[in-house]
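Participant: Dropping the structure in here first, questions after.
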Amino acid sequence: MKIERIETFLVPPRWLFCRVETDDGVVGWGEPVVEGRAEVVRAAVEVLGEHLLGQDPLRIEDHWQVLTKGGFYRGGPVLSSAVAGLDQALWDIAGKHYGAPVHALLGGPVRDRVRAYAWVGGDDPGELREAIEKQVEAGFTAIKMNGSGLMDRSIGAAGLAAVVERAEVARAALGTSRDFAVDLHGRAGTASARRIIAAIADLHPMFVEEPLAPEYLHRLGELTASTEVPIALGERLYSRSDFLPVLNSGLAVAQPDLSHAGGISEVRRIASLAETFDVQLAPHCPLGPIALAASLQVAFATPNFLIQEQSAGIHYNEGAELLDYVLDPAPFAFVQGYAHRTPLPGLGVTVDEQAVRQADKRPHAWRNPLWRHDDGSMAEW
């Protein structure tokens, strides 16, 4: 069996899919994307794909080593995301070739269902109570929301009160039997993040996500030492090497993204590394169905898994929804907030190829918002 063809598809709302086909007709799908830079990743997939053409798709680890290290210059979100999508597709092919789900190839399942959370509130969280109650009615036992919209890095009394008020609304709507997480998106400075976390600690968030921007993670140890609230991050880290310093700094929840951090191969290793630090895994995934399918396969086989992000109804999904490009929605049915394990081979997702090819005829050019403070300076989005 040899890899014969590699194709990529820019599909709304902001995703990039790749399709890897072998000479005997086995097809694997992956989702390599950097949100807002999908066209750049598409070019990277085309260049990296040159190595794979004519090769045995089942040599997944060897391909991963070559794709990540064979070009001398390595790392970064674009290259690691391109590798991630190709890696997902190769695991998909392997599962279909052996007639087994990927989690079986990773050592077998350690759980039969995966807990997931739903997003509420959008970029500038509002109307929270109604949105949370809707997700509770849908069966979810956990939600995540942004702590704020645009935020000064040095937060004032009014901004702090607004974050606390949102957290209070969430706790009141959820009661004590359900969970909420707060995402700070790296918008606060270190001192402000410490104040925010202290102010909402009594509301017992499941975790506070990305309290610091990636360039300030050398200060993470100060932050984790100052609170008992679990700190989560990792969507902007792309390798075991990136994660090691934050694991040493008291991180509680690791959040690598299966479409950014080198795919199934590397996230599986990140999870194992995190386990040695007693850190749980909660894969980042505000993306499409292939990324989610890959995340679920890792979750089923990972002992230190905590909870899975998923994008159904998320505020980014304008022009397409999570299930628009799949023929069988069953693997993505969240029953009482859980996705249940299936025996479907590979990633377990059946892509609607006709819909994908049609969507790529009108490729998106999604860009993240650019925010500015009142004084005209750039603000973190």
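The values are calculated or read from the model by the stated rules, or taken from the named source; none is laboratory data. The model shown is predicted, which means the values in this text are computed figures rather than measured ones. Quick reminder, even Gly has a Cβ in these numbers, built from the backbone with ideal geometry, and neighbours come from all protein chains shown. Surface areas here come from the heavy atoms of the whole protein model, side chains and all, with no ligands, DNA or RNA. Shrake-Rupley method; radii C 1.70, N 1.55, O 1.52, S 1.80 Å.
Participant: Between region 51-69 and region 352-378, what's the alpha-carbon centroid distance in Å?
Facilitator: Each part reduced to its Cα centre gives a spacing of 30 Å.
Participant: Let me ask something additional. Just going by the charge dipole of the chain, with Lys and Arg at +1 and Asp and Glu at -1 on Cβ, which of VAL349, ALA225, GLY175 is farthest out on the positive end?
Facilitator: Positive-most Cα among the choices belongs to ALA225.
Participant: Further question: Roughly how many Å is it from the Cα centre of region 13-31 to that of region 168-232, as a whole number?
Facilitator: If you average the Cα positions of each part, the centres end up 37 Å apart.
Participant: On to the next question. Within 11 Å, Cβ to Cβ, of SER192, how many net charges do the neighbouring residues add up to if Lys/Arg are +1 and Asp/Glu are -1?
Facilitator: Values: positive: ARG153, ARG187, ARG194, ARG195; negative: ASP152.
Local charge sum for SER192: +3.
Participant: So, one more: Could you state the principal axis extents of the C-alpha atoms in the chain, from the largest down, to the nearest angstrom?
Facilitator: Projected onto the principal axes, the Cα atoms of the chain cover 63, 45, 44 Å.
Participant: Moving on to the next point. Choose one answer from GLY139, GLY121, GLY95: the residue with the largest mean-square fluctuation in a GNM of the chain with alpha-carbon springs under 10 Å.
Facilitator: Taking springs between Cα atoms under 10 Å, the residue moving most is GLY139.
Participant: Related question: Find out how many positive minus negative residues lie around PHE305, taking Lys and Arg as positive, Asp and Glu as negative, among other residues whose Cβ is under 13 Å from that of PHE305.
Facilitator: Details: positive: ARG111, ARG113, ARG115, ARG268, ARG341; negative: ASP112, GLU275, GLU309.
With Lys, Arg at +1 and Asp, Glu at -1, the neighbours total +2.
Participant: Apply the Karplus parameterisation 6.51 cos²θ - 1.76 cosθ + 1.60, with θ equal to phi minus 60°, to every residue of region 193-210 and state each ³J(HN,Hα) to the nearest whole Hz, in sequence, with x for glycine and proline.
Facilitator: 4, 4, 5, 4, 4, 5, 6, 10, 4, 5, 8, 6, x, 4, 6, 10, 9, 6
Participant: Taking the Cα centre as origin and putting +1 on Lys and Arg beta-carbons and -1 on Asp and Glu beta-carbons, what dipole magnitude results for region 315-381, to the nearest 20 debye? If you can, show how the numbers build up before the last one.
Facilitator: Numbers: 6 positive and 10 negative charges, 40 e Å.
About 200 debye.
Participant: Hey, got a sec? Which chymotrypsin sites (Phe, Trp or Tyr not before Pro) in region 32-106 land in a DSSP loop and have at most 16 other Cβ atoms within 10 Å?
Facilitator: On the way: sites: TRP64, PHE72, TYR73, TRP91, TYR98; in loops: PHE72, TYR73.
The qualifying sites are PHE72, TYR73.
Participant: Here's a follow-up. Net charge within 15 Å of SER241 by Cβ-Cβ distance, Lys/Arg positive one each and Asp/Glu negative one each, not counting SER241 itself?
Facilitator: Every neighbour counted, the sum reads +3.
Participant: Follow-up question, since we're still on this one. Modelling each spin label as a point 7 Å along the Cα-to-Cβ direction, I'd like the HIS204/ARG219 distance in nm, to one decimal.
Facilitator: 3.1
Participant: Related question: In deg cm²/dmol and to the nearest 500, what is the mean residue ellipticity at 222 nm of the chain if only DSSP H runs of at least 4 residues count, each as -39500 (n - 2.57), divided by the residue total? Could the numbers behind the result be given before it?
Facilitator: Working: 12 runs with 136 residues, N = 381.
Counting only the DSSP helices, I get -11000 deg cm²/dmol.
Participant: How do SER148, SER241 stack up against each other in accessible area, from largest to smallest, with a 1.4 angstrom probe? Don't skip to the answer; put the middle values down first.
Facilitator: On the way: SER148 10, SER241 90 Å².
Most to least solvent-accessible, the answer reads SER241, SER148.
Participant: Which number gives the lysine pairs in the chain that have C-alpha atoms under 28 Å apart and are eight or more places apart or on different chains? Mind dumping the intermediate values first?
Facilitator: Values: LYS2/LYS69; LYS2/LYS96; LYS69/LYS96; LYS134/LYS144.
Lysine pairs, 8 or more places apart or on different chains, close enough: 4.
Participant: Okay, moving on. Using label points projected 7 Å from each Cα along Cα→Cβ, tell me how many nm separate ARG367 and ASP24, to one decimal.
Facilitator: 4.7
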